[in-house]
1. Provide a whole-number value for the mean count of partner chain Cβ atoms within 10 Å of the Cβ atoms in peptide B:115-121.
2. Taking N as the number of residues in the range A:20-82, what is its Cα Rg relative to 2.2 N^0.38 Å?
3. For chain A, what is the mean residue ellipticity at 222 nm derived from helices alone (per DSSP H run of n ≥ 4: -39500 (n - 2.57); sum divided by total residues; nearest 500 deg cm²/dmol)?
4. Over the range A:43-230, what relative contact order in percent results from Cα pairs under 8 Å that are six or more residues apart?
5. So, in the range B:2-122, how many Lys pairs have Cα atoms under 26 Å apart, if the pair is 8 or more places apart or on different chains?
6. Only four residue types carry charge here, +1 at the Cβ of Lys and Arg and -1 at the Cβ of Asp and Glu. Report the dipole size of the protein assembly as shown about the Cα centre in Debye, rounded to the nearest 20.
7. Partner chain Cβ atoms within 10 Å, averaged over the residues of A:166-173 - can you pull that number for me?
8. Compute the convex hull volume of the Cα atoms of chain B, divide it by the residue count, and report the result per residue in Å³ as a whole number.
Amino acid sequence: MFMCYDHDHHYDEQAAIAVEQDILQRNNLLAERNRGYFEAKRILALNLMSSPGSGKTSLLEETIRRLKDRLDIYVIEGDQQTSNDANRIAALSVPAFQVNTGMGCHLEAGMVNHAVRHLEPSTGALLFIENVGNLVCPAMFDLGEAKKVVIVSTTEGDDKPLKYPNIFSEADVCVINKTDLLPYLGGFDMRTLRDNILKVNPRTHVFELSAAKGDGMDAWCGWLLKNLPVSAGGNA
Amino acid sequence: MKNCTTFAGMHELSIAQSIVELAEEQAAKRRASGVEEVEIEIGRLAGVESQTLRFALQSAVKNTMLEKAHIVCHDIDGEGRCGDCDATFAMPELFTPCPRCGSYAVRLIRGKELRLKSIIINK
């Protein structure tokens, strides 16, 4: 379609172009490339998302301690600043790559692509992608993961899913961490939190655990092993 | 409050930059001299504040072909379909239960759009 307008005594030719593209398509295409790579190498990639301080890194540390003798584990750490988290993971002799997003509040597929090139994860590995601590922005950006895992801790209150429904609605798995603190939390009700999670996302799978004390870790680790494209039992 | 604004604004900035990149790519392909208008659709349940996005676009378009572009933004209302009774209904929130049977097994059919619909370029 062409139109002519008279602007300031000269003619500008204009054209209207139907684009009809997803605004996030560049990220989504890169995410699909990552996904294809993970599938071809039979890597289980998980995108871990939560508020800052919900215990993502502690959960990873405890998971790594329990599983690292059974399979290869790699970690991509996303934070605005510092390599503190990657250092914590590296201390467990697991390869970790820190992505600093600077002002950015979430990881994007291109950053994961870059990190994976550095890490070169082995076939059949478990790859944890620890997103920037934030319950808003990471929800929108596909990284190419097989599953999205949202971690919420008991100290955050039981109405988090209602306050941040987007991220909970995307979660394949929801981990409720810090169950060991339940005796000290007067206003918190586990039943209400679970109901709120399922209201926003009836399909999600919920685990209750304490990464610090170990309660509930067996079920979580069992789920991880069950979801590996290659059976880790055979490697043990 | 300051932190909330920063957080809500950051992914809108990424999205604003993506809009600029996509529109510039389309315009460059057609050897345009500039972009006059950009038309976008934003679902009300997409997790993007359209006001914040407009604000983010003001800085994202600087020194690009979109610098003087008029931004037309359509907000798309949420609509869901019940997985249990098949009713369709308006979803003002992501966790709206089915108004007919009360089920939460609801599938969103509209309202998560983030779409660059069209552009008008100057040749």
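1. That average works out to 6.
2. Details: Rg = 15.1 Å, N = 63, 2.2 N^0.38 = 10.6 Å.
Cα-based Rg divided by the globular estimate yields 1.42.
3. Values: 8 runs with 78 residues, N = 236.
Mean residue ellipticity, 222 nm, calculated: -9500 deg cm²/dmol.
4. With pairs under 8 Å counted, the relative contact order is 26 percent.
5. Working: B:Lys2/B:Lys62; B:Lys29/B:Lys62; B:Lys29/B:Lys68; B:Lys29/B:Lys117; B:Lys62/B:Lys117; B:Lys68/B:Lys117.
So the count of such lysine pairs works out to 6.
6. Charge dipole, the protein assembly as shown, about its Cα centre: 860 debye, nearest 20.
7. Numbers: counts 6, 1, 2, 6, 2, 0, 0, 0.
Averaged over the peptide's residues, the number is 2.
8. Hull volume normalised by residue count: 109 Å³.
Throughout, read-outs are computed from the coordinates displayed, never taken from laboratory work. Remember, predicted model here, so these are calculated numbers, not experimental data. Cβ sites come from the backbone with ideal geometry, for glycine too, and all protein chains shown count toward neighbours.
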